[in-house]
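Participant: Here it is, the structure in full.
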Amino acid sequence: MQIRQTDEQGRLRHLITLEDLDREQLESILRHAERYLSQPGKPPPRDTILSGQTVANLFFEASTRTRASFELAAKRLSADVLNLDVNMSSRAKGESVMDTIFTLQAMHVDIFVVRDASTGVPAMIARQVAPHVCVLNAGESDVSHPTQGLLDVLTMQLHKGDTSALRIAIVGDIRHSRVANSAYHALSKLGVGELRLVGPPELMPESDEFVGAVRDTTLDSGIRDADVVMALRLQKERFAQLSDIPDSQEYHRRYGLTQARMAAAKPDAIVMHPGPMNRGVEIDSSVADGPQSVIREQVANGLAVRMAVLARVHEHVRSARGEA
Ligand code: CP
């Protein structure tokens, strides 16, 4: 059962998936994020709009970028921020996720930012929290990573303009990638010239997924004349058996982005990667750190996107608490 992500007034309350957002809602968040990037090279300006609200980061799976940027985003908007150390929390003693949530809700947490390795956990929490409380999905199994999808399309737009004119190649472990899923959902609404999925057959999604995308099992033809090339990590933690994981050297030989292979893409193509990267496997350092790489800009744009999403849901919190 899907969760309704807007409140009765149409304000964003939860962000669990990009699949249910329409083009106008996506553009609205993206333009809001862009305003936080108005001073290139500088951190987004501080704001006090989340003053008096509490954001809890609950990462039940490892993270560097998403966790740090949600924390910094909430602090830049003047929220009180709680980063629960999951390994030191009572979940390690067997407490259920919902008991953890209800405990923190009793301490007046207003916005939960949740990453979990299991499908459905953010939505399950969203269904049970108090009416004023919001839930933001910070990465859910191989299903959804909505703020990553937003920061990825924002990065494409900032470099290349309207995505509906672009040839975009996503290379690698698409089958296990919540990043690819969320990018697909955003691009489906915003438009894409051509979306190519490039990788070995065993890492392709099911045939009824990514409707409209072109599949290619050869890197050179898959990235030919692409405007955007996005490499993905082999998600070893999501393979059912260790024996199913492709050999890293062979994978690099066939699908690793190298300078030589990038010559097949357009000369001004940008190279993206959501991180964390496995250098020498899906991408060479010469490409990751090279002139076409926008990987660090993706990280910077992620902070702005997360500020925009927090700024959106805070309106629901204020209204539901009778403060609007
Ligand atoms: N892209 C991404 O989600 O990175 P982290 O796992 O470091 O948060």
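The values are calculated or read from the model by the stated rules, or taken from the named source; none is laboratory data. These figures come from a predicted structure and were not determined experimentally. Ideal geometry is used to build each Cβ from the backbone, glycine not excepted, and the neighbour counts take in all protein chains shown. What goes into the accessible areas is simple: the full protein's heavy atoms, side chains included, and nothing from ligands, DNA or RNA. Shrake-Rupley method; radii C 1.70, N 1.55, O 1.52, S 1.80 Å.
Participant: Which members of region 245-262 meet the condition of being in a helix (DSSP H, G or I) and either of a type outside the set (Phe, Trp, Tyr) or open to solvent by 80 Å² or more (accessible area, probe 1.4 Å) (or both)?
Facilitator: Within region 245-262, SER248, GLN249, GLU250, HIS252, ARG253, ARG254, GLN259, ALA260, ARG261, MET262 qualify.
Participant: Something else: Search region 280-302 for residues that are farther than 17 Å from ASP227 by Cβ and pair each with any residue that is in a strand (DSSP E or B) when their beta-carbon atoms are under 6 Å apart and the residues are at least 6 apart or on different chains.
Facilitator: Partner pairs satisfying both residue conditions: GLU282/ALA231; ILE283/ALA231; ILE283/LEU257; SER285/ARG279.
Participant: Moving on. I need a count of the residues in region 56-112 that are within 16 Å of the ligand (Cβ to nearest atom) and under 20 Å from VAL299 (Cβ atoms).
Facilitator: Residues in region 56-112 being within 16 Å of the ligand (Cβ to nearest atom) and under 20 Å from VAL299 (Cβ atoms): 17 in total.
Participant: Is it the case that GLY149 is over 14 Å from the mean Cα position of the chain (by Cα), within 14 Å of the ligand (Cβ to nearest atom) and modelled with pLDDT of 95 or more?
Facilitator: no
Participant: Specify which of the listed residues (ASP85, ASP173) is farther than 17 Å from GLN53 by Cα, among the acidic types (Asp, Glu) and over 17 Å from the mean Cα position of the chain (by Cα). It would help to see each step written out before you state the result.
Facilitator: Details: ASP173 fails: over 17 Å from the mean Cα position of the chain (by Cα).
Among ASP85, ASP173, only ASP85 is farther than 17 Å from GLN53 by Cα, among the acidic types (Asp, Glu) and over 17 Å from the mean Cα position of the chain (by Cα).
Participant: Continuing with this model, one more query. Going by what's in this entry, would ARG91 be described as assigned to a helix (DSSP H, G or I), open to solvent by 30 Å² or more (accessible area, probe 1.4 Å) and charged (D, E, K, R)?
Facilitator: Spelling it out, ARG91 is indeed assigned to a helix (DSSP H, G or I), open to solvent by 30 Å² or more (accessible area, probe 1.4 Å) and charged (D, E, K, R).
Participant: Among the residues of region 263-284, write down those that are open to solvent by 50 Å² or more (accessible area, probe 1.4 Å) and not charged (D, E, K, R).
Facilitator: The answer is ALA263, PRO267, PRO276, MET277, ASN278.
Participant: Continuing with this model, one more query. Please work out which one of (1) basic (Lys, Arg); (2) more than 23 Å from PRO146 (Cα to Cα); (3) open to solvent by less than 20 Å² (accessible area, probe 1.4 Å) is the condition ARG115 fails and give its number.
Facilitator: It is condition (2) that ARG115 fails.
Participant: Could you please let me know if ALA74 is among the aliphatic types (A, V, I, L, M) and touching a residue at least 60 places away in the same chain (Cβ under 8 Å)?
Facilitator: yes
Participant: Of the residues that sit in region 282-324 and are at pLDDT below 95 and in a loop (DSSP other than H, G, I, E, B), which one is farthest from the ligand (Cβ to nearest atom)?
Facilitator: Going through the qualifying residues, I end up with GLY322.
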